[in-house]
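Undergrad: Before anything else, here's the structure in question.
The values are calculated or read from the model by the stated rules, or taken from the named source; none is laboratory data. Bear in mind the structure is a predicted one, so any value in this text is a computation, not a measurement. Note that we place each Cβ from the backbone using ideal geometry, even for glycine, and neighbour counts take in every protein chain shown. The area values use the complete protein model at the heavy-atom level, side chains included, leaving out ligands, DNA and RNA. Shrake-Rupley method; radii C 1.70, N 1.55, O 1.52, S 1.80 Å.
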Amino acid sequence: MHDYILSSVDFVQKELLFFASFCFIIGAVDDVIFDGLWIIHNFKRKLLVYNRFDRIIAEQIPPPDNGRPLAIFVPAWQEAPVIGAMLRRCKSQWQHRNYRIYVGCYPNDGPTIAAVADAASGFKNIRMILCDHDGPTSKADCLNRLWRGMCQDEMLEKIEFKAVILQDAEDLVHPKALELFDFLIDRASLVQIPVIPRRAARSTWIAGHYGDEFAELHGKQMVLREALGVSLPAAGVGCAFRREALGNLSARKSGKPFDEASLTEDYELGLRLTEGEARGIFVRLKDQKGQLVATEEFFPDTLEDAIRQKSRWMVGISLSGWDRLGWKNCWRENWMRLRDRKSSFSAIILALAYVAIILSGTLYALDLAGLYQPAPLSGLLKIMLVSNALFLLWRMVIRAYLVSALYGMREAWLSIPRTFIANIINILAAKRAIIYYLKILTGAPLRWEKTEHFYPDMTQVERLRPLNALLKSE
């Protein structure tokens, strides 16, 4: 009986290794092809564009004509600790003056209402909009209420806004961001600037892994997506939608451009507005100090909050998004959507791989103790394992390069062990996402699963800001 159990464990270990290795190779080949195209794109731009033309900086953006104002939407539910500081920073640092900030609050959230009212005191560019129902409803519901408030202002004041910009209550927005949006929005339905995660010193591992992922997402993936001419997802912050494009969508959606049946309304909205003949722009532009014109924000710094946030992304993009958005008659578009949607499945494969690793360690220990001799690995499995090791090394190098370009070499080295932390978070998030998705299929209502935010004092922001010298490469 003892030998039967161990031989069964041995069999399961070999099967799991083979299955996980096979799936990893498929995913790795996809990643290598994507990386190769990104490298070719970068070299082509450096040789054919940047050798002929000087790169402009944010200070060279033509001044706005001050004709049509910009609308900034900030949905807020229980954001009293952060919303006031965010609004005051926008007032003091934004150089663009023709804008209005619409802050969505809920009648049963008195502290947030008070914080917004205090920050808006004596400043006409901030308008608070109360939602129709007590909170929380959904982020899309709050955004749709802001949209109606903006449309009412257009009718009463005989004005028309040029763009709608999305920001969160804890965002640190670059002083030149509005000028950049104003300059580019006439050329596209969506303009997205990079999102740069920041972390408190106490959260090197949990919050730090967001920096690794966004360095890759907004340093490589969005860059190549735009180059391939496919639709661009919006990040929910640091993104501007052309007023006309959003208005046309609103007319088709009964006055609700933000889909309240979606957990990732920003992602879907970006894809819908930039598909087909429409255009989206992802722009990486620096100022004269070498800083990217970007939106900075502090991501979850606890395991529970990170799992909850990532499970929402998985449900909205990988699971529910598959049902809601489907596929297109374009191989490039379908390739990008497949890459977006594979996160939940990749997490399941990762979980199986970790089980196989644990079983491998157990069998190795039994072999050393002379209690059981495992069956040898097949030649094919050995080749697959070596191939996956090389692919993993490639992935680590690419990610470390992108992280170093944004945060420096120390964070690049930390990104290697943080990969393990990210894998654990993704596995636990996938489990939660699948359970939540099954509940949605049975009719459970959507809920706004927001994470707790904090807004650091400015000394902490400056200490965590990357050095200019570390931002010299794209």
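Undergrad: If you go through region 15-29 one residue at a time, do you hit one that is modelled with pLDDT of 95 or more, farther than 21 Å from ASP287 by Cα and exposed (fewer than 14 other Cβ atoms within 10 Å of the Cβ)?
TA: yes
Undergrad: Just checking, does region 151-171 include any residue being assigned to a loop (DSSP other than H, G, I, E, B), closer than 24 Å to ALA115 by Cα and modelled with pLDDT of 95 or more? Explain how you work it out, then say what you get.
TA: First, the residues of region 151-171 that are assigned to a loop (DSSP other than H, G, I, E, B): 158-162, 167-171.
Now restrict to residues that are closer than 24 Å to ALA115 by Cα: 167-171.
Going one step further and asking which of them are modelled with pLDDT of 95 or more, we end up with 167.
Yes: region 151-171 contains one or more residues that are assigned to a loop (DSSP other than H, G, I, E, B), closer than 24 Å to ALA115 by Cα and modelled with pLDDT of 95 or more.
Undergrad: Taking the condition of being in a loop (DSSP other than H, G, I, E, B) and either at pLDDT 60 or above or at positive phi (or both), how many residues in region 437-474 meet it? Lay out the reasoning, then the answer.
TA: If we filter region 437-474 for residues that are in a loop (DSSP other than H, G, I, E, B), which is where we start, we get 442-457, 465-467, 472-474.
Still in the running and either at pLDDT 60 or above or at positive phi (or both): 442-452.
Looking only at that region, the number is 11.
Undergrad: When both residues are 6+ apart or on different chains and their Cβ atoms are under 8 Å apart, which pairs have a first residue that lies in region 405-424 and is without any contact (Cβ under 8 Å) to a residue 60 or more places away in the chain, and a second that is open to solvent by 10 Å² or more (accessible area, probe 1.4 Å) and in a helix (DSSP H, G or I)?
TA: ALA412/ALA400; ALA412/TYR401; ALA412/SER404; TRP413/ALA400; ILE416/MET396; ILE416/ALA400
Undergrad: Would you mind finding the one in ARG145, ARG127 that is free of Cβ contacts under 8 Å to residues at least 60 places away in the same chain and in contact with a Pro (Cβ under 9 Å, 6 or more places away or on another chain)?
TA: Working: ARG127 fails: in contact with a Pro (Cβ under 9 Å, 6 or more places away or on another chain).
None of the others qualify; the one that does is ARG145.
Residues are listed down the side, and each one gets a yes or a no for (1) among the hydrophobic types (A, V, I, L, M, F, W, C); (2) over 30 Å from GLN291 (Cβ atoms):
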position: SER378; (1), (2): no, yes
position: SER387; (1), (2): no, yes
position: LEU392; (1), (2): yes, yes
position: LEU406; (1), (2): yes, no
position: MET409; (1), (2): yes, no
position: ALA412; (1), (2): yes, no
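Undergrad: Which condition number in (1) of a type outside the set (Asp, Glu); (2) free of Cβ contacts under 8 Å to residues at least 60 places away in the same chain; (3) touching a His at 6+ places or on another chain (Cβ under 8 Å) is the one that PHE214 fails?
TA: For PHE214, the failing item is (3).
Undergrad: Hey, any hits in region 381-398 for a residue that's under 26 Å from PHE22 (Cβ atoms), surrounded by fewer than 15 Cβ atoms within 10 Å (Cβ to Cβ), of a type in the set (Gly, Ala, Ser) and modelled with pLDDT under 95?
TA: No - not one qualifying residue is present in region 381-398.
Undergrad: To continue, here is another question. Scanning for something open to solvent by 10 Å² or more (accessible area, probe 1.4 Å), over 24 Å from ALA422 (Cβ atoms) and free of Cβ contacts under 8 Å to residues at least 12 places away in the same chain, does region 223-234 turn up at least one residue?
TA: Looking for residues that are open to solvent by 10 Å² or more (accessible area, probe 1.4 Å), over 24 Å from ALA422 (Cβ atoms) and free of Cβ contacts under 8 Å to residues at least 12 places away in the same chain, one finds none in region 223-234, hence no.
Undergrad: Can you list residue pairs whose Cβ atoms sit under 6 Å apart, with the first residue in region 84-109 being more than 15 Å from LYS124 (Cβ to Cβ) and the second being of a type in the set (Lys, Arg) and crowded, with 16+ Cβ neighbours inside 10 Å? Count only pairs 6 or more apart in sequence or on different chains.
TA: Note: pairs meeting the criteria are GLY104/ARG145.
Undergrad: Kindly provide the set of residues from region 57-95 that are within 26 Å of the chain's Cα centre (by Cα) and in a loop (DSSP other than H, G, I, E, B), ordered by number.
TA: ILE57, ALA76, TRP77, GLN78, GLU79, TRP94
Undergrad: Regarding ILE434, is this residue modelled with pLDDT under 95, of a type in the set (Val, Ile, Thr) and in a helix (DSSP H, G or I)? Spell out how you get there, then give the answer.
TA: On the way: modelled with pLDDT under 95: yes; of a type in the set (Val, Ile, Thr): yes; in a helix (DSSP H, G or I): yes.
Spelling it out, ILE434 is indeed modelled with pLDDT under 95, of a type in the set (Val, Ile, Thr) and in a helix (DSSP H, G or I).
Undergrad: Another one. Got a number for residues in region 71-100 being β-branched (Val, Ile, Thr), crowded, with 24+ Cβ neighbours inside 10 Å and within 14 Å of ASP118 (Cβ to Cβ)? Can you show your working first?
TA: Going through region 71-100, the residues β-branched (Val, Ile, Thr) turn out to be 72, 74, 82-83.
Then drop every residue that is not crowded, with 24+ Cβ neighbours inside 10 Å, which leaves 72, 74, 83.
Retained after the next criterion (residues that are within 14 Å of ASP118 (Cβ to Cβ)): 83.
Here the count works out to 1.
Undergrad: Please specify each residue of region 114-146 satisfying the condition of being part of a helix (DSSP H, G or I), closer than 22 Å to GLY236 by Cα and open to solvent by less than 10 Å² (accessible area, probe 1.4 Å). Explain how you work it out, then say what you get.
TA: So in region 114-146, the residues part of a helix (DSSP H, G or I) come out as 114-120, 139-146.
Next cut, closer than 22 Å to GLY236 by Cα only: 116, 139-146.
VAL116, ALA140, CYS142, LEU143, ASN144, LEU146 - these are the residues of region 114-146 that are part of a helix (DSSP H, G or I), closer than 22 Å to GLY236 by Cα and open to solvent by less than 10 Å² (accessible area, probe 1.4 Å).
Undergrad: If you check ASP301 against the conditions, is it out of contact with any strand residue (DSSP E or B) (no Cβ under 9 Å at 6 or more places or on another chain) and assigned to a helix (DSSP H, G or I)?
TA: Values: out of contact with any strand residue (DSSP E or B) (no Cβ under 9 Å at 6 or more places or on another chain): yes; assigned to a helix (DSSP H, G or I): no.
No; evaluated as a whole, the condition is false for this residue.
Undergrad: A follow-up question, please. Looking at region 404-448, which of the residues that are farther than 29 Å from VAL355 by Cβ and aliphatic (A, V, I, L, M) is nearest to the chain's Cα centre (by Cα)?
TA: So the residue we want is LEU406.
Undergrad: Say we look at region 244-258 and pick out the residues that are touching a residue at least 24 places away in the same chain (Cβ under 8 Å) and surrounded by fewer than 20 Cβ atoms within 10 Å (Cβ to Cβ); which of these is farthest from LEU406 (Cα to Cα)? Even if it seems obvious, please write down each step before you answer.
TA: Our first condition is that a residue be touching a residue at least 24 places away in the same chain (Cβ under 8 Å); within region 244-258, this holds for 245-246, 249-250, 255-258.
Still in the list and also surrounded by fewer than 20 Cβ atoms within 10 Å (Cβ to Cβ): 249-250, 255-256.
Working: LEU249: 36, SER250: 37, GLY255: 40, LYS256: 37 Å.
Applying the filter and picking the extreme gives GLY255.
Undergrad: Follow-up question, since we're still on this one. Give region 399-432 a look and list any residue that's of a type in the set (Ser, Thr, Tyr) and open to solvent by less than 60 Å² (accessible area, probe 1.4 Å), or say none. Outline the logic, then answer.
TA: Start the filter on region 399-432 by keeping residues that are of a type in the set (Ser, Thr, Tyr), which leaves 401, 404, 407, 415, 419.
Residues satisfying the conditions are SER404, TYR407, SER415, THR419.
Undergrad: Let me ask you something else. Could you check region 183-196 and list, in sequence order, the residues that are out of contact with any helix residue (DSSP H, G or I) (no Cβ under 6 Å at 6 or more places or on another chain) and either open to solvent by 10 Å² or more (accessible area, probe 1.4 Å) or under 24 Å from TYR407 (Cβ atoms) (or both)?
TA: Passing the criteria: PHE183, LEU184, ASP186, ARG187, GLN192, ILE193, ILE196.
Undergrad: A further question follows. Which ones in region 318-333 are in a helix (DSSP H, G or I) and open to solvent by less than 40 Å² (accessible area, probe 1.4 Å)? Don't jump to the end; show me each part of the working.
TA: We begin by selecting, within region 318-333, every residue in a helix (DSSP H, G or I); these are 318-325, 331-333.
Selection gives SER318, LEU319, SER320, GLY321, LEU325, GLU333.
Undergrad: Consider ARG68 against the criteria (1) out of contact with any helix residue (DSSP H, G or I) (no Cβ under 7 Å at 6 or more places or on another chain); (2) surrounded by fewer than 10 Cβ atoms within 10 Å (Cβ to Cβ); (3) within 30 Å of TRP94 (Cα to Cα): it satisfies all of them except one. Which criterion is unmet?
TA: Only one criterion in (1) out of contact with any helix residue (DSSP H, G or I) (no Cβ under 7 Å at 6 or more places or on another chain); (2) surrounded by fewer than 10 Cβ atoms within 10 Å (Cβ to Cβ); (3) within 30 Å of TRP94 (Cα to Cα) is unmet by ARG68, namely (2).
Undergrad: List the helices (runs of 4 or more DSSP H) that sit entirely inside region 177-283 and contain at least 1 residues that are farther than 29 Å from TRP394 by Cβ. Walk me through it before giving the result.
TA: Numbers: elements: 177-184, 208-216, 222-228, 243-252, 265-274.
It comes to 177-184, 243-252, 265-274.
Undergrad: Now a separate question. Considering only residues that are under 11 Å from SER231 (Cβ atoms) and among the basic types (Lys, Arg), look in region 260-311 and name the one that is surrounded by the fewest Cβ atoms within 10 Å (Cβ to Cβ).
TA: Only one residue fits best here, namely ARG279.
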